[in-house]
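Let me begin by presenting the structure, written as C-alpha cells, before commenting on it.
The values are calculated or read from the model by the stated rules, or taken from the named source; none is laboratory data. The shown structure was predicted, so the numbers you read here are calculated from the model rather than taken from an experiment. For neighbour counting, all protein chains shown are included, and Cβ atoms are generated from backbone atoms with ideal geometry for every residue, glycine included.
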Amino acid sequence: MTNTILVTGCAGFIGSHLCEKLLSIVTNQVIGIDNLDPYYSPELKKKNLSLLTKFKNFSFYEEDVRYTSIILTKKPDIVVHLASLAGVRPSLRLPERYAEVNIIGMIHLLEQFRTLHNLENRKFIFASSSSVYGTNQKVPFEESDPLTNINSPYAASKKAMEIYAQTYSQLYKLNIIGLRFFTVYGPRGRPDMAPYKFMKAIKEGTEITKYGKGNSFRDYTYILDIVQGIEGAIKSKKEGYEVYNLGNGNPITLNEFIETCEKVLQKKAIIKEIEEQDGDVPGTYCSKEKAEWDLGYETKFKLEEGLRNINLNY
C-alpha cells in the first residue's frame, strides 16, 4: 500500500532522520517542506536535504508552515508536523515570534487538514515537547499529569499546540497524535544543544558553560529511538486524539552528562559555572509505558553509545 506522507521541518535534525527512514520503504511517497530558518545554519539543513534528494520517492518544497497550501494541493494520507521554532532561552527574547510560528503555523495546517476527504483514514502527528511539564515535581512525567507549571514561552507555545490539536480532533473528528520529545540527540543534532556543543568544546579544548551546580537532569533520547516512536505513531490504529511521551526513561544529571562526554572523548572539560537561567527546568524524566503499550515504542541506545555516534565535523 502506498502512503503519501508530508513531513514539515524535513531538513531539520529530527525531520531529516525521519524522512531517511520513511524513504527507505519504497512504497512511501514522502513530501518534505522546510523554510530553512536561520535559527541555526541553513547550510547544515541543506546538507541534510542532500541526503534526502537522492531518493526518487522524495519531493521537497521550500515553504513556511504559516503560509503553505501543501496539504490542500498534495492531500497527504499522513502529516508529521515537526517544523517549529525551538529553544527555551531564545523564546524569552522573542515570545511573539514563537507564538506566531508554532501556534499560528499549527492552526494553519489543521485548518487545511480538516477539509480533506476520508479523514477517518488520515492522520495528523505533531511534535510537542517535554517542556510542557515545566517545573512539575512529580516524576516520572506521565501524559495524564497536569500542565500547570509552564516555564517559558516556548513551552507555552507547545502546550497551546496540544490544546488546538485536541480541539480540532474533537470538533472535526480528526485522528491526531501529539508526541512529547525528551532532549533528542545524535548525529546531525542541533549545534545549539548540549550534546553537540559540549562534545565539540571538549574536543577543541574550549570552555563549556555549566548552569548551576550540575544537579539538573535530562532524559536524553537518541534520535533513532525517536524515529522508531514516530513510526509507531504512523502505524497506530488509535482514533481521536492521543498524546505520548517519547523519552529514554533514564534521566542523567548535568554533571554525569559532562563526565560521559569526557569519557567518550578521553579528555577533561574546561568548565565555567554560572547561575541557572530563566526558563530552565530542574529536570525531565519520561514515563514511557503508554507509548510502549500503544505504539510499540522501544529505546535501545544508552547515552555513551549515542554520544560516540555524533559526528563533530558535520
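Structure notes:
- If you go through segment 280-294 and keep only what is more than 17 Å from the chain's Cα centre (by Cα) and not small (Gly, Ala, Ser), you end up with Asp280, Val281, Pro282, Glu289, Lys290, Glu292, Trp293, Asp294.
- Being at pLDDT 95 or above, buried (at least 21 other Cβ atoms within 10 Å of the Cβ) and over 14 Å from the mean Cα position of the chain (by Cα) is true of Ile176.
- Qualifying residue in segment 289-296 (condition: among the aromatic types (Phe, Trp, Tyr) and without any contact (Cβ under 8 Å) to a residue 40 or more places away in the chain): yes
- Some residue of segment 129-142 being in contact with a Gly (Cβ under 6 Å, 6 or more places away or on another chain), at pLDDT 95 or above and either part of a loop (DSSP other than H, G, I, E, B) or closer than 21 Å to Gly249 by Cα (or both): no
- Listed by position, the helices (runs of 4 or more DSSP H) contained in segment 28-100 that have at least 3 residues being within 21 Å of the chain's Cα centre (by Cα) are 42-52, 88-93, 95-98.
- Among residues of segment 254-271 that are under 13 Å from Gly205 (Cβ atoms), those with a Cβ under 8 angstrom from a residue that is in a loop (DSSP other than H, G, I, E, B) and among the β-branched types (Val, Ile, Thr), sequence gap 6+ or separate chain, pair up as Ile270/Thr206.
- Count of residues meeting criterion [over 16 Å from Val88 (Cβ atoms) and assigned to a helix (DSSP H, G or I)] in segment 149-194: 11
- Any hit, segment 248-257, residues being surrounded by fewer than 16 Cβ atoms within 10 Å (Cβ to Cβ) and under 27 Å from Ile25 (Cα atoms): no
- The requirement of being in a helix (DSSP H, G or I), touching a Leu at 6+ places or on another chain (Cβ under 9 Å) and among the acidic types (Asp, Glu) is satisfied by Glu20.
- Among the numbered conditions (1) within 16 Å of Gly9 (Cα to Cα); (2) of a type in the set (Phe, Trp, Tyr); (3) surrounded by fewer than 24 Cβ atoms within 10 Å (Cβ to Cβ), the only one that Tyr164 does not meet is (1).
- Scanning segment 266-283 for residues that are polar (S, T, N, Q) and exposed (fewer than 12 other Cβ atoms within 10 Å of the Cβ) returns a single hit, Gln266.
- Residue selection: Thr148 satisfies the criterion of being among the polar types (S, T, N, Q) and more than 26 Å from Ala194 (Cβ to Cβ).
- Filter pass, Ile78 being within 15 Å of Gly178 (Cα to Cα) and surrounded by 15 or more Cβ atoms within 10 Å (Cβ to Cβ): yes
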